[in-house]
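Worksheet: one structure, shown below.
Nothing in this text is a laboratory measurement; each read-out follows from the coordinates by a stated rule. Every value quoted in this text rests on a predicted model; they were computed, and no experiment measured them. Ideal geometry is used to build each Cβ from the backbone, glycine not excepted, and the neighbour counts take in all protein chains shown.
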Amino acid sequence: MDSILIPLLILIAVVAGVLLLIRSFTKRSAETKSNAQATGGPKDPVELARESAAKLNQEQHRQLYSLIAQGQAMAAIKLYLQATGEGLRASRNAVGALAAHPQPFTPETPAKDLLADDDDDEPERFPYRYRAIVSKGDVTREVSSNMLNDEIYGRIRTLAKSGDVEGAALALTRHSDINIKQAREFIELLDD
């Protein structure tokens, strides 16, 4: 009887150990599954930061990163929650991802028709202010506008150099906030 008792006790101990291990793994697996379901699945933090930044406009983006830089995580989460309408946990995860992986603001740009003519009614507005300055002698004129860029200004200069002063002046008024008289004065000062 003693010879059977010791191997039987060892067998019971091994079975109990295996059962405890199985129980531990299933419990851990169930916890990760419920966490994944609650957050919508495990996401790559960089991808989460990119998606989260895309949901903010420029002012919200600036304010959020200002709050993160000041160490005001709760205020940043509240701002994100109000801006996007997402839940508290999703907002917390988004702000955490944005803090860990800063994203630059990228405005949504609609797909541009490559065959579209530049003679549309409304000129395109750019996110920066372009400055064009001309001078002759003591006379200096400046035009600054967010509807101008190097390409458009180059076309205006080409029109002026080809002798079409009126066309250049009209193009300049379309892409800036100056009147036709100011545009003609500006075009007259362009180098020949």
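For the pair Thr84 and Ala30, label points projected 7 Å from Cα toward Cβ lie 3.1 nm apart.
Rounded to the nearest Å, what's the spacing between the alpha carbon centres of the stretch 46-113 and the stretch 155-192? Just the number, please. Spelled out, the Cα-based centre of one part sits 43 Å from the other.
Protection proxy ranking, highest mean first, for peptides 157-163, 22-28: 157-163, 22-28, where packing is the per-residue count of other beta-carbon atoms within 10 Å, averaged. Packing here is the average count of other Cβ atoms within 10 Å per residue, and on that basis the peptides 168-179, 10-21, highest first, run 168-179, 10-21. Multiplying the residue separation of Phe105 and Arg129 by 0.36 nm and subtracting their alpha-carbon distance yields 6.9 nm. When peptides 136-143, 85-92 are ranked by their average number of other Cβ atoms within 10 Å per residue, the highest-first order is 85-92, 136-143.
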